[in-house]
Structure formats: structure tokens, C-alpha cells
Amino acid sequence: MSATPAGGGGGPLPERAPALLVRGGCVYTADADAAMHPSGSVLVVGDTIAAVGPVAAVDAAAAALPAPVRAGMRTVEAGRHLVLPGFVNAHWHEMFALRLPFKGALRDPRDASDEPGVMALGGDVRTISAMFDTFQDVADGLTPGEAEAVARYSLWTQLRSGTTALGDVGSFNRAEALAAAARTVGVRCAVSHWTGDGVCAPGEGRFRRTRDTDAVLSRLEDLLADCARDPSGLVTAQASAAYVTNVSDGLGKGLGELARAYDVPFATHVGALRREADVMREYHGTTSVRRLADLGLLDDRLVAVHCAFLDAEERSLLLAAGAHVSHSPAKYGPTGESTLTETRAIPELRRAGLDVSLSTDGGALPVGGMPEAMRAAWHAYTEMYADNTALLPTDSLAMATRIAARALRRPDLGALEPGRQADLVLVPAGDWRYLLNPRPLEGFLNLGGSADVRTVIVAGRVLLEDGRAVHLDEERLAADYLRALASFSTRRLGIAPEAVAGVLAGHVRGAEA
């Protein structure tokens, strides 16, 4: 079933069997009823789920398939495994090209002298706005070859940890490179640009335009049009803005028009930090959610990222609009953000009926994956409310799959139900962590994580099997990535070549061995 890896560490996607039977696992469907089958199976025909349920019932469905389909059917024995929907990470940034110059291998290995970062202590919002204003220009300095090498490796790490669908809310990379990498790796990705046309810079007190608005919108529309014609079925596009602080009125209105014209989501960071409201009033004259409403961006297409620092009226506006909130609880602690605990806005919006999903965010170094986000949400919600039923493990799974798929406007993803796309994740559940626990999902969230994912299936294709890539040369992916990182960092960011070579030499030699 595997293919010989070609240039860039990847060959053609694996051939899809006419039918695939994932048999005898502990199946968590993440459907609206949170149905699970302690000894269950999933039958896939082509790229679509055909049957889910107890082993005997699905065996009968498989036996009823037409003879040619049945003859080509492949069976994956899933005994002592969790069988889950593929994770949907609707708020993600590809930022691996930043690994050396910012928070990567050149920093001091000791942490005793660390100081609070820009996201900590309520957030240095002006500095963040100024920093975000530079990202797209610097990322455009990646050569096409560098951009694809970085994107392939970054997307592989997402797939390797069980994510089968991504929503790019702007990345430190080229959107076309992300699209090409998604086709090579086999992961679904809604790509975008790191979009903004101005800045709330420190010490200025007035919003300053830094880009031509029409050019920014034209570039995004070209991407939306290209992805609407994508033949792979893996690549789509969405409208996004890096941060509400970096958007002019004209850009905001234009983004809404494009989202509606192309029927795609609009995602942005909003209500993310305690100090954001004061900066928005100073530079834009109103708070973030009110401004989105004024610009025509507050509707059911909105994916409001983080979205915790809101007043009562803003919460009501989000609920009335039917917006979607995506938050990243595994990321907040390491960066000093108090997004969940300071306001409780996100869990309370969820209790009020708003769609709230989980995501990973992104960073120069790998951040927690979707399993880590699920664990962080489960533990944080129940601790905040002193109630162990405030968020159940199955609720957390739904927030990482079916509900997150709604953020991407993909009702065909995110649950193990007949008619949905066949994206599945298998996790072994037979070691000491699961002994005598009749709820293996609970054991996985408490004691497992991204590294436990062993098999990943996207659209009926087995892409990761028993912990190894089926069609990708993982060592080649890593080596290509490290070379691209070295050349980009040396050329664009002023890091001495000898310093880069010294840090990466051992990694590159190991990857080539």
C-alpha cells in the first residue's frame, strides 16, 4: 500500500482501497449523542463512512457490499485501540520558519533568567500589533523551495499527532506552499494569508496604515479563487485577519464581502488579551467585538479566536450572531495568558449555546496538539466550576472534532457517522494506563497525548500506520526542513552562518543517516 518516496520526501498519496473495515476497537463517534461502542467497527467505502456500530452489525454491512468491493476490502484490526474521528484544528498557524530567530535552538537552554513575554500579564497589545504587522513581509522572503520544505514538515507533525483537517488563520509561510504541502502530506487544510493593512504601534496613539488595502484584498481573492478550483479535495481557503488591531475599516468590510462571496469562514484573533479593549478604544474608537459588528463581520461565519475579554453586551452580540469561538487551552499557560480563568467568558458562552471548539494555535516551537488541548479543557473547565461534570471527556472530544468542523463550515467532517468523510485516528489502549478502566478515552486524556497516535486515515486513505508514514520519508522531511530553516535564517534574519551551522549540524547529519 505504500509508495516510494519521491523528491521532497513524499510520493503519491497511497491508493485508497475500495472498502476499509476498521474492526473491533473502542469507537467514540463524537456524534451529537456522544455514542460509543466498546467493541465496535467502522466501515468505509471509498472516502465515505458507510456504517458504524457493534462489530456484528458492521460485519453484516460489510458482507452486503457488492462482490467486487468486498473482494478489494482491507481490514484493519483495531482491538485494544481507541477509534476516534480525525481531529479538526480550526485555529492554527504554520510558524516553523521562526524556530531559530525567536524561540528556537539559539536561546539559552537555562530558564532561570526568563522574563514575561508579550502575551503575559494582560498582553503588550501594541508590541504584538507591531510584531504581527511584519510577519507576512518577512515570510514572503522564503523562497518557494524553502517555504514548501518548511510547510511539509510542519503539516506532517500535525497529521502525525492525529489532526486531519486544519484551519490556517494566517501563517509565517506562503499560502501556496501550504496548499502544495497539504496535497503532498494528505492532510486537509483551509489556507489563508497573514492579513492586515495597518498597525497600532507603541507610542503613536493613532492607527497607521502600512499596506495598500486593495492589494491585500486582491491577493486574498486570488487565493480564494485558486482554492475553489482545487482538484485534490484537500485544499480550501478562508478569509482571516491576524488581529483586529491591524485591520482598517476598508479591509474589514472587504474581508466580509469576500467571505460571503466565496462562502467561507472569516477568522480573527479578537478579545484575546485583557489590555486589548483599552488599545482598541484608543486607536479605533471602540472595542473589538463591537467593531466587528460595525464592519459587517459579526455573523455565523465568524471564528472568534480566543475571545475571552468581553463585556456583557459583546457576549450578547456573539450569541445573537451565532458566531463560533475557537480557543487553545494547552497554549495559555506556557505563554502567561489567563484566557480561561480570568473571565470564564468562553465556558459561559458555551453554556449559553454558542459553538466553542478547541485548537492548538501555533508557535516557533511545537505546541501541544489536539489531545493536549482536550486534556487542558477538560481539567480547566471542571476545576473552574468545581464540578467534574462541567465538561466531560466526550464533550472535549466533540470540541476537537465535530464542533471544530463547524468552524470550517465542513459538516461532512468531525464525527464517525454514515455519510461523513472517513477521517479516523487509532490510539493503542492496551497498556498499564488503561488497565481496569472501562473508559479508555478518559485514560487517554489523563495519561496519553499526541505521541500515542499510531494510525491516521484521511478520506479513506491510511497515511500513518503503526506509527510510521505510509508514503512519506520522514527523515528526508526533517532534513529538508532543517536546510530550509538554515538558509532562510542566514539570509533574511541576520543570523551568522556559523551559528546556524553549529546548531543544526548534528540534526541534519542525523536526519540524513
**Report entry** Selection within region 343-362 - over 12 Å from the mean Cα position of the chain (by Cα) and assigned to a loop (DSSP other than H, G, I, E, B)
**Finding:** THR343, ARG344, ALA352, GLY353, LEU354
Query raised in the report: Considering only region 304-340, how many residues are on the phi > 0 side of the Ramachandran plot and under 15 Å from the mean Cα position of the chain (by Cα)?
Result: 1
Query - Selection status of PRO366, free of Cβ contacts under 8 Å to residues at least 24 places away in the same chain and surrounded by fewer than 20 Cβ atoms within 10 Å (Cβ to Cβ) - result: no
Requested in this report: Give the residue, chosen from GLY233, GLY196, GLY250, that is modelled with pLDDT under 95, among the small types (Gly, Ala, Ser) and either buried (at least 24 other Cβ atoms within 10 Å of the Cβ) or not in a strand (DSSP E or B) (or both).
Outcome: GLY233
**Report entry** Flag if PRO418 is touching a residue at least 24 places away in the same chain (Cβ under 8 Å) and not in a loop (DSSP other than H, G, I, E, B)
**Finding:** no
Query raised in the report: When you look at LEU340, is it part of a loop (DSSP other than H, G, I, E, B), aliphatic (A, V, I, L, M) and either surrounded by 24 or more Cβ atoms within 10 Å (Cβ to Cβ) or without any contact (Cβ under 8 Å) to a residue 60 or more places away in the chain (or both), yes or no?
Result: yes
Query raised in the report: Condition test on LEU255, is it among the aliphatic types (A, V, I, L, M) and more than 20 Å from ALA90 (Cβ to Cβ)?
Result: no
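Does SER487 satisfy the condition of being closer than 24 Å to VAL150 by Cα and either under 20 Å from the mean Cα position of the chain (by Cα) or free of Cβ contacts under 8 Å to residues at least 12 places away in the same chain (or both)? Before you say what the answer is, go through the steps one by one.
Values: closer than 24 Å to VAL150 by Cα: yes; either under 20 Å from the mean Cα position of the chain (by Cα) or free of Cβ contacts under 8 Å to residues at least 12 places away in the same chain (or both): no.
Spelling it out, it is not the case that SER487 is closer than 24 Å to VAL150 by Cα and either under 20 Å from the mean Cα position of the chain (by Cα) or free of Cβ contacts under 8 Å to residues at least 12 places away in the same chain (or both).
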Query raised in the report: Of the residues that make up region 40-62, is at least one acidic (Asp, Glu), part of a loop (DSSP other than H, G, I, E, B), within 30 Å of HIS324 (Cα to Cα) and open to solvent by less than 20 Å² (accessible area, probe 1.4 Å)?
Result: no
Report summary line: Taking region 116-143 and keeping only residues that are outside any loop (DSSP other than H, G, I, E, B), more than 15 Å from VAL216 (Cα to Cα) and among the charged types (D, E, K, R), one is left with ARG126
Requested in this report: Taking THR213 as meeting all but one of (1) surrounded by fewer than 23 Cβ atoms within 10 Å (Cβ to Cβ); (2) closer than 26 Å to VAL185 by Cβ; (3) among the polar types (S, T, N, Q), write down the number of the exception.
Outcome: (2)
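The values are calculated or read from the model by the stated rules, or taken from the named source; none is laboratory data. Remember, it's a predicted structure, so these values are computed and weren't measured experimentally. Every residue, glycine among them, receives a Cβ derived from its backbone with ideal geometry; neighbour counts consider all protein chains shown. These area figures cover heavy atoms from the full protein model, side chains too; ligands, DNA and RNA do not enter into them. Shrake-Rupley method; radii C 1.70, N 1.55, O 1.52, S 1.80 Å.
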